[in-house]
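Down below is the structure, laid out as structure tokens.
The values are calculated or read from the model by the stated rules, or taken from the named source; none is laboratory data. This one's a predicted model, so the numbers in the text were calculated from it and none came from an experiment. Heads up, the Cβs are rebuilt from the backbone with ideal geometry, glycines too, and the neighbour counts pull from every protein chain shown.
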Number of protein chains: 2
Amino acid sequence: MRIVAAKKLLKANDQLAEENRSRFNRSGVFVVNVVGSPGCGKTTLLEALFAKLATRLAPAVIEGDLASSIDAERIERLGIPVVQINTDGACHLDATMVAAAADGFDYDKLDLLVIENVGNLVCPAGFDLGEHLRIVILSVSEGDDKIAKYPTIFQKSHVLLITKTDLLKYSNFNVERAVADMKHLAPEAEIFQVSALAGYGMDDLADWLAAKCG
Amino acid sequence: MRIVAAKKLLKANDQLAEENRSRFNRSGVFVVNVVGSPGCGKTTLLEALFAKLATRLAPAVIEGDLASSIDAERIERLGIPVVQINTDGACHLDATMVAAAADGFDYDKLDLLVIENVGNLVCPAGFDLGEHLRIVILSVSEGDDKIAKYPTIFQKSHVLLITKTDLLKYSNFNVERAVADMKHLAPEAEIFQVSALAGYGMDDLADWLAAKCG
């Protein structure tokens, strides 16, 4: 009985996600769903990315968190439109939440909408939000075994960002292992190595994303 | 209808957790549930802790992961009894899984059983496993805002370990902020600052845990 309910729920989510995607398509906005562990550097990456993209495109952000508006305030300080979703304990965003939050923007003025999911390497994997691209972040400080240990979310992503590469010299993170594990799970995925704080690899990532939005 | 099912499920979990705890009490083994984000350093901490405790007490471990036996193999290399639970996608351990895994040990030979939960700062918060003590880990590389952003799991823990303190000098992590946030949510909680790799604070933690098992 529970399993049927869960299936129904997922099916309903998929349907609503398609409606979100149609709406985003009509609005001509490119939508990215960013997933990764708590503290993997999602918001810091967005701050660095938006600085690189400032003259090229107009972004907006939906922030997903259990509680607080810490991340939304960081984005707002950049003068970028942002809506905070507080999930009140839920471990991932779903298409319903995104549909509600997506009402808050003027799409005529937007090229890119980034949805920063709740920090979680498990639950967001099962929920399409209506995005065009799913980016999964793995930070160097988390360790190179995480792709093997949490395969679902990596398998379902289009892009892997290995972040905090400025910490490589203080860690035993093996980039080759992480890349090999990702290629095994998601052969088509793009892979970037970046450090938002040190600026490593950010130009390439910004150029690539700008081209996607074009 | 779904809400009722979820409540029933949680109630059933609580009941089974109490049965687990009674069993652990009868066996005279102290049981710790370790929770934290993917890559916060749970397994590395256990390796360092068991090295410190080797002459004082006999531990065993239950490892929880979505997939793989990477962590269990690391524990097994230390000659410590270990059972791996693969949740096959589930985002946390529950009391049923622990009851099944707990059959695998000879309790006459054990003082301490550590349950390493699935790496997740959200979902494990709601599931009592029958432990005596819940330890939540926050690594320096995750950032000092995580207690405010993921309050439930911190509020429901007895001990906060701030790990990877060897990275403090490369980060903007504010220990005072993290400690203040934890004291606000869980005034009674013990707080330790450690680096398993550099050895900082590990003697104090090992002494404290050995006394608990006493």
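Provide a single number: the residues in the stretch B:109-162 that are touching a strand residue (DSSP E or B) at 6+ places or on another chain (Cβ under 9 Å), in a loop (DSSP other than H, G, I, E, B), among the aliphatic types (A, V, I, L, M) and within 14 Å of another protein chain (Cβ to nearest Cβ). Qualifying residue count, the stretch B:109-162: 2. Taking the condition surrounded by 15 or more Cβ atoms within 10 Å (Cβ to Cβ) and either at pLDDT 95 or above or touching a Cys at 6+ places or on another chain (Cβ under 7 Å) (or both), does A:Gly28 pass? Judged against the criteria, A:Gly28 is not a match.
Just checking, does the stretch A:6-27 include any residue being within 13 Å of chain B (Cβ to nearest Cβ) and within 25 Å of B:Val140 (Cα to Cα)? Looking for residues that are within 13 Å of chain B (Cβ to nearest Cβ) and within 25 Å of B:Val140 (Cα to Cα), one finds none in the stretch A:6-27, hence no.
Which of the residues belonging to the stretch B:182-214 are in a loop (DSSP other than H, G, I, E, B) and either in contact (Cβ under 8 Å) with a residue 40 or more places away in the chain or within 21 Å of A:Cys40 (Cα to Cα) (or both)? The answer is B:Val194, B:Ser195, B:Ala196, B:Leu197, B:Gly199. Regarding A:Asp88, is this residue within 14 Å of chain B (Cβ to nearest Cβ), among the charged types (D, E, K, R) and either closer than 15 Å to A:Glu63 by Cα or buried (at least 24 other Cβ atoms within 10 Å of the Cβ) (or both)? Yes; evaluated as a whole, the condition is true for this residue. Of the residues in the stretch B:41-56, at least one is part of a loop (DSSP other than H, G, I, E, B), more than 14 Å from chain A (Cβ to nearest Cβ) and without any contact (Cβ under 8 Å) to a residue 12 or more places away in the chain. Any chance the stretch A:74-83 includes a residue that's at pLDDT 95 or above and within 11 Å of another protein chain (Cβ to nearest Cβ)? Yes, the stretch A:74-83 contains a residue that is at pLDDT 95 or above and within 11 Å of another protein chain (Cβ to nearest Cβ).
Those residues that are of a type outside the set (Val, Ile, Thr) and touching a helix residue (DSSP H, G or I) at 6+ places or on another chain (Cβ under 7 Å), I need them from the stretch A:47-63; list them, please.
Residues satisfying the conditions are A:Glu47, A:Ala48, A:Leu49, A:Lys52, A:Leu53, A:Arg56, A:Leu57, A:Ala58, A:Pro59, A:Glu63.
A search for C-beta distances below 8 Å between a residue of the stretch B:150-165 that is without any contact (Cβ under 8 Å) to a residue 40 or more places away in the chain and any residue that is surrounded by fewer than 24 Cβ atoms within 10 Å (Cβ to Cβ) and of a type in the set (Asp, Glu), counting only pairs 6+ apart in sequence or on different chains, returns B:Phe154/B:Asp181; B:His158/B:Glu188; B:His158/B:Glu190; B:Val159/B:Glu190; B:Leu160/B:Glu190.
On the given criteria, is B:Asp144 of a type in the set (D, E, K, R), surrounded by fewer than 17 Cβ atoms within 10 Å (Cβ to Cβ) and in contact (Cβ under 8 Å) with a residue 24 or more places away in the chain?
On the way: of a type in the set (D, E, K, R): yes; surrounded by fewer than 17 Cβ atoms within 10 Å (Cβ to Cβ): no; in contact (Cβ under 8 Å) with a residue 24 or more places away in the chain: yes.
Taking the combined requirement at face value, the residue does not satisfy it.
B:Tyr170 meets each of the listed conditions (1) within 11 Å of another protein chain (Cβ to nearest Cβ); (2) in contact (Cβ under 8 Å) with a residue 24 or more places away in the chain apart from (2). On the stretch given as the stretch B:23-36, residues that are polar (S, T, N, Q) and in contact (Cβ under 8 Å) with a residue 24 or more places away in the chain total 2. Here A:Val179 fulfils each of the conditions (1) in a helix (DSSP H, G or I); (2) hydrophobic (A, V, I, L, M, F, W, C); (3) away from chain B (no Cβ under 13 Å); (4) buried (at least 23 other Cβ atoms within 10 Å of the Cβ) apart from (4). Condition (residue is surrounded by fewer than 21 Cβ atoms within 10 Å (Cβ to Cβ) and out of contact with any strand residue (DSSP E or B) (no Cβ under 7 Å at 6 or more places or on another chain)) applied to the stretch B:36-44: is it met by at least one residue? So far as the stretch B:36-44 goes, yes, one or more of its residues are surrounded by fewer than 21 Cβ atoms within 10 Å (Cβ to Cβ) and out of contact with any strand residue (DSSP E or B) (no Cβ under 7 Å at 6 or more places or on another chain). The condition of being under 15 Å from the mean Cα position of the chain (by Cα) and not in a strand (DSSP E or B) does not hold for B:Ile62.
Contact annotation: residue pairs with Cβ atoms under 8 Å, 6 or more positions apart or on different chains, pairing a residue in the stretch A:82-103 that is part of a loop (DSSP other than H, G, I, E, B) with a partner that is small (Gly, Ala, Ser), are A:Thr87/A:Gly64; A:Asp88/A:Ala67; A:His92/A:Gly64; A:His92/A:Gly126; A:Leu93/A:Gly64.
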